[in-house]
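Throughout, read-outs are computed from the coordinates displayed, never taken from laboratory work. Values in this document were obtained by computation on a predicted structure and should not be read as measured data. We place every Cβ from the backbone using ideal geometry, glycine too, and count neighbours over all the protein chains shown.
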Amino acid sequence: MSKTLSLFFASLSILFLSATAISISHSGWLVLLFGLLSLFSVGAGFIVKARLRRRSEQQSSSSDKP
């Protein structure tokens, strides 16, 4: 995963987690919404990382074959 993409997912997750912390004092529904969004953004980062790693491994193994 490139550093820019990693920074994007990390910043997005921090933004959602901060919004979750702020919304605790306001509304339970907002806490639930931002909590789910933060979980989905962290999960999406791991999914993208795994897919990119798998794609690069497949390309390297196909180029190694004679």
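Assorted remarks:
- If you go through region 18-50 and keep only what is assigned to a helix (DSSP H, G or I), β-branched (Val, Ile, Thr) and without any contact (Cβ under 8 Å) to a residue 12 or more places away in the chain, you end up with 22, 31, 47.
- Test: residue in region 15-34 that is of a type in the set (Ser, Thr, Tyr) and under 11 Å from the mean Cα position of the chain (by Cα): no
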